[in-house]
Amino acid sequence: MTAIDDILEKIVSKKIEKKEALKLFEELPENEKNYMVSKLKMHLSNGAEKVGNGSSDKKGNTFKAMTELQLEESHKEFINKLAQELAKIAPKSKESASKHQSHLVDQRKTGGLKKALKPLQFHLTYDKGDGAYLYDIDGNKYVDIASDNGVNLFGHQPAFIKEAIVSRLERGYPLVGYTEELPQVTKLFSELTGHERVLLTQSGTEAVMWAVRIARAATQKKKIVIFEGAFHGLSDAVLAAKDQFGNSIAMGLGMLQEFADELIVLDYGNMDHLNVIEERADEIAGVLVEPVQSRNPANQPIEFLKEVRKLTLENNILLIMDEMITGFRACCNGVQGLWKIKGDLATYGKIPAGGMPSGMIAGPGKYMNFVDGGVFGYDDNSMPSVKKALMAGTHTRNPIKLAATLAILTEIKNRCSAEGNETCEPDACFLQALNEKTRLMCEELNSFFKVKRVPIVIEYFSSLFRFKFLDDPNGVVKELLMVLMRMNGVETSPSGNCFLTTAHSDKDIKTIVKAVKKSVETLLKESFFYESDEEEAEEEVQAEIPARAEIKNKPVQEPKKDDQMEKLRNLIVSDLKNFQEKGITI
């Protein structure tokens, strides 16, 4: 329990007098005062329980969000008015987004796209990023919580990265041989993470793809276990969904079922699914896991992951920890350091790449040697001792990205040293201050949502957070909230992942909180939330949706233009939303 939670508990349970409570309150920093006020309001309004990490199993007595089909003329008029206002605020961005579509192919422009909101959903064109801020070509300034999808731990273009890149550019950037940054990067990376050897790749997707290849080479087995809700990049080797019968299925157009057949998709945190790993151990080469899923950050099943680690050790299965987002964010050595559960291999990217396209695979020599044959000398009779798996890439050792990575890792080490640590320990990591700021902000907003009875919760882990709509996760109101936040000066990400950085000041956090609250108040005022009898609504939904097994076995018939066809269409849309929730654009 933190100091602020302890004070809250004493106030709510009346263990201290009013005078003492006020004295303790006055001693708190400003952001903690706001958090306490919000929590007290929540207790006074309906006695709601504290929800750690933003997780929520109960909707409670909340409003429901309007679906796109429920929008009335008043809603459409408001959206139209908003579109006209946004077109005046960002006319150059809108023109650019419309004008260049014939040449520019952009998979992100359809993410979250809603027909009713289309005039509002053009991408901004940025002029520059600086610290915690983004500036568009129309001169508008935004507090940035997209943070380049988690890349910018220290904000946009910090001086130490900029100087390192410029210095390397002035000396050229040969791609084939080594440059002096390469051994410095790998040594420092190993020192900070505790891994023996590290391989640089060209992207996070490539890092995961190669890690899977190493697992198969090391075990001589084929199957890879992944977990529902995780995202491991866009390689066909790790992309599959689970159908209603538990079978692995290809996730979209151009993806072969043959790849999906080599994947076993289980529920993350479900102890009952561990027996699948045990029963099929002789087929399984690796278990690939986001220890904290970036799409479900409130799900933090430590005991489950410990059992997975135990099973993999007992059955010659490699545990691959995908720390693409949590690495160097939860603490310097990631969730593995925080939870004391170390994988056989680990993949990284985002933060240590310093804004450059890159990825990393790290692990002990006995597995990493499958890449280069192992360590050998040039002045003796030694030779590579391990048969190699095929891996290559022109930009794996690009000196520009190495310069950025070295600058980032050096900064992290220096900040750890400033805390008085030779190595970065989770409890004393410099990142804990940022993580605590994130927690306080998220809990203040979660308290606000409960007081206002809106079906929204912010789920968070370390400095990662996501807005989750409890009744319509990918609906029109969620997208409208993001648009309103932009118009109130805060830029979010189409992926849904949001981040605080060390560049965000207390003033910036106040701006974020104010923008969220103002946006939600607008949605309430314009009746985008409504009262509903939950039991009646649930019965209505169950009556409309036919059983999945029945649909699967029915023969194909000529479609009829009636209510049944509309219901089936809604079911298909629901399935597509499930894919989108995993971060995949269909």
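Coordinate-derived values only; no laboratory data. Small disclaimer: the values here were computed from a predicted structure and weren't measured. Please note: Cβ atoms are built from the backbone with ideal geometry, for glycine as well, and neighbour counts cover all protein chains shown.
Brief remarks follow.
- Electrostatic dipole magnitude of segment 343-491 [Cβ: Lys, Arg +1; Asp, Glu -1; Cα centre; debye, to 20]: 500 debye
- Between the beta carbons of ASN61 and LEU524, assuming R0 = 22 Å, the FRET efficiency works out to 0.90 to the nearest 0.05.
- For the residue pairs LYS141/LYS525; LYS18/LYS514; LYS88/LYS162; LYS437/LYS507; LYS92/LYS401, alpha carbon separations beyond 23 Å are given by LYS141/LYS525; LYS18/LYS514; LYS88/LYS162; LYS92/LYS401.
- Summarising the label geometry, the points placed 7 Å from Cα in the beta-carbon direction at ILE302 and THR410 lie 3.6 nm from one another.
- Amide H contacts under 5 Å for THR201: GLY359, MET360, ILE361, restricted to partners 5 or more places along the chain or on a different chain, H placed in the peptide plane at 1.01 Å from N.
- Between ALA281 and LYS340, the distance separating the two model label sites (each 7 Å from Cα on the Cα→Cβ line) works out to 2.4 nm.
- Counted by neighbouring Cβ atoms within 10 Å, the residues SER505, SER98, SER203 run from fewest to most as SER98, SER505, SER203.
- Fraction in percent of alpha-carbon pairs per bin - 5 Å, segment 150-207: 4, 13, 16, 24, 28, 14, 1
- Given charges at Cβ of Lys, Arg, Asp, Glu: segment 399-531 dipole, positive-most of PRO455, LEU480, SER417: LEU480
- Dipole magnitude (debye, nearest 20) for segment 264-335, charges at Cβ of Lys, Arg, Asp, Glu: 360 debye
- Integer Hz, Karplus 6.51/-1.76/1.60 couplings in order for segment 353-366, x for Gly and Pro: 7, x, x, 8, x, 6, x, 9, 10, 9, x, x, x, 4
- Burial ordering of ASP136, ASP372, fewest other beta-carbon atoms within 10 Å first: ASP372, ASP136
- Rg/Rh for segment 464-538 (Cα atoms only, Rh after Kirkwood) is 1.03.
- Phi to ³J(HN,Hα) by Karplus 6.51 cos²θ - 1.76 cosθ + 1.60 over segment 373-383, Hz, x for Gly, Pro: x, x, 7, 8, x, 9, 10, 9, 8, 5, 9
- Cβ-based net charge around ALA215, under 9 Å, with every Lys or Arg adding one and every Asp or Glu removing one: +2
- Between GLN70 and TYR378, the FRET efficiency from the beta-carbon distance, with R0 = 56 Å, is close to 0.20.
- Net charge of Cβ neighbours under 12 Å - reference ALA260; Lys, Arg +1; Asp, Glu -1: -3
- Geometric descriptor of segment 224-337, per residue, is 105 Å³ (volume of the convex hull of the Cα atoms).
- A cut-off under 14 angstrom between Cβ atoms defines the neighbours of LYS350, and their net charge, with Lys, Arg +1 and Asp, Glu -1, is -3.
- Evaluating 6.51 cos²θ - 1.76 cosθ + 1.60 at θ = phi - 60° for every residue in segment 288-304, the Karplus couplings come out as 9, 9, 7, x, 10, 5, 5, 8, 9, x, 6, 7, 10, x, 4, 5, 4 Hz, glycine and proline recorded as x.
- Spin-label model, GLU163 to PHE245: label points 7 Å out along the Cα-to-beta-carbon direction sit 6.3 nm apart.
- Built amide H within the under 5 Å cut-off of ILE264, gap 5+: ILE224, VAL225, ILE226
- Dividing the radius of gyration of the alpha carbons in segment 329-415 by their Kirkwood radius gives 1.03 for Rg/Rh.
- Neighbour-count ranking [beta-carbon atoms within 10 angstrom, fewest first] of ARG280, ARG108: ARG108, ARG280
- Length gained on full extension, GLU17 to LYS115, computed as 0.36 nm times the residue gap minus the Cα-Cα distance: 29.7 nm.
- Under the convention that each Lys and Arg Cβ holds +1 and each Asp and Glu Cβ holds -1, the size of the dipole of segment 292-371 around its Cα centre is about 140 debye.
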